[in-house]
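**Q** Got a structure for you, written out below as C-alpha cells; questions coming shortly.
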Amino acid sequence: MFARKEIDFIAKLVYKKEGGRTSPTYSGYRPHIEFEGIPERPTSGQQVFKYKKKVCPGDTVIAEITILSHQYMEGKLFEGQKFIFCEGSVKIGDGVINEIINKKLYKQREERQQ
C-alpha cells in the first residue's frame, strides 16, 4: 500500500523495448528510481499514467510520480533532470522531469551550477 497521495512531479517516461520488461505495466506501478546526479540515493516512485491505463515495452507516456522517500529529495530535483527506473538491477526505462509539483523538492538554479 502506498500511503502518500501527493504528486511530487510530472515526467515523460520511455519504457525500453529491448532488455527491460517483457509484459505491460499498469498505472500505479512503483519501480526503483535513480536520479541523475544523485546515484547515492535511489528511491521508489509510484507512476500514475496520464491518458493511459497500461504501458507496453517501447511506449512513451506522461505520468504523475509520487516519491516514497520524498524528504530525502528536498532541494535536489529540477525540471529537465533525467532519471532511470528499474526492477532490481534491470533498467526498464528512462524519464525526464517535466514539472515539479512539490516545490520542496525543487533545486534552485544557482545550486545546480555549483
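The values are calculated or read from the model by the stated rules, or taken from the named source; none is laboratory data. Given the structure is predicted, the values throughout are model-derived calculations rather than measurements. Here the Cβ is made from the backbone with ideal geometry for all residues, glycine too, and neighbour counts use every protein chain on show.
**Q** Residues in segment 16-26: is at least one in contact with a helix residue (DSSP H, G or I) (Cβ under 9 Å, 6 or more places away or on another chain), assigned to a loop (DSSP other than H, G, I, E, B) and among the acidic types (Asp, Glu)?
**A** no
**Q** Sticking with this one: Within segment 98-114, how many residues are among the basic types (Lys, Arg), surrounded by fewer than 12 Cβ atoms within 10 Å (Cβ to Cβ) and modelled with pLDDT under 90?
**A** Count: 1.
**Q** Let me ask something additional. Considering every residue within segment 86-97, establish whether at least one is crowded, with 18+ Cβ neighbours inside 10 Å, of a type in the set (A, V, I, L, M) and touching a Cys at 6+ places or on another chain (Cβ under 7 Å).
**A** Within segment 86-97, one or more residues are crowded, with 18+ Cβ neighbours inside 10 Å, of a type in the set (A, V, I, L, M) and touching a Cys at 6+ places or on another chain (Cβ under 7 Å).
**Q** With Ile33, Ile62 as the choices, which residue is buried (at least 17 other Cβ atoms within 10 Å of the Cβ) and either touching a residue at least 24 places away in the same chain (Cβ under 8 Å) or over 20 Å from Lys17 (Cα atoms) (or both)?
**A** Of the residues listed, the single one that is buried (at least 17 other Cβ atoms within 10 Å of the Cβ) and either touching a residue at least 24 places away in the same chain (Cβ under 8 Å) or over 20 Å from Lys17 (Cα atoms) (or both) is Ile33.
**Q** Which is closer than 29 Å to Gln108 by Cβ, touching a Gly at 6+ places or on another chain (Cβ under 9 Å) and not polar (S, T, N, Q), of Ile62, Ile38, Ile33?
**A** None of the others qualify; the one that does is Ile33.
**Q** Can you pull out the residues in segment 50-73 that are within 14 Å of the chain's Cα centre (by Cα) and not in a strand (DSSP E or B)?
**A** Lys50, Leu68, Ser69, His70, Met73
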